[in-house]
Amino acid sequence: MHDELRDLPVLLLSAARALVDGIDADVRASGFTDLRPAHGFAFARLSSGDATVTDLAEHLEITKQAASQMAEELIRKGYVERRPHPTDARARLLVLTEKGHSCTRAADRAAARTLAPLAAALTPGEATALRRALTHLATPGRIRPLW
């Protein structure tokens, strides 16, 4: 391993943590104080409107039971509702309510504010190079949050 890359895992994880913490703090300041970062990862999958509990479990890489518990919590808090599945009578879709969509809009604004210092610290070329490098390193698909 190159010596200049030795601390890269810590730096990447620290940057990811700072992003999650910044978004979480800003979302809470917007009035959504009853959520935690894991819910944001769930909202990312639920926002398309075509997710079942099984889809949520796969997205978060958790058990169906844990995904069902999270869905129940989000339903109880008014962020999600169940709707009939259009092609599977046994399945139910988990759909964001207006409150859920409001929260995702707040999270989008929070992400923009959290990333602003990074954007200000990098030249456009550096930002492009960083994005290119991270795209090359990252595995496409699900992101398993740590909570």
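The values are calculated or read from the model by the stated rules, or taken from the named source; none is laboratory data. Treat the numbers as computed from the prediction; the structure is a model and nothing was measured. Protein only, heavy atoms only, side chains kept; ligands, DNA and RNA dropped before computing areas. Shrake-Rupley method; radii C 1.70, N 1.55, O 1.52, S 1.80 Å.
Computed over the stretch 19-90, the P(r) curve from all C-alpha pair distances, binned at 10 Å from the origin, holds 18, 50, 27, 5, 0 percent per bin. Report the accessible area of SER102, computed with a 1.4 Å probe over the heavy atoms of all protein chains in place, in Å² rounded to the nearest 10. Around 40 Å² of this residue is reachable by solvent. Hull volume per residue, based on the alpha-carbon atoms of the stretch 26-65 and their convex hull, is 76 Å³.
Note on exposure: THR33, THR52 ranked by accessible area (1.4 Å probe, complete protein assembly) read THR33, THR52, with the most exposed listed first. Accessible surface of the chain, 1.4 Å probe: 59 percent of it comes from carbon and sulfur atoms. Considering all C-alpha pairs of the chain, those separated by over 17 Å amount to 67%.
Could you work out how much longer the chain between THR135 and ARG92 gets when fully extended? Use 0.36 nm per residue separation minus the Cα distance between them, nm to one decimal.
Working: separation 43, 0.36 × 43 = 15.48 nm, distance 3.41 nm.
Extending this stretch completely gives an extra 12.1 nm.
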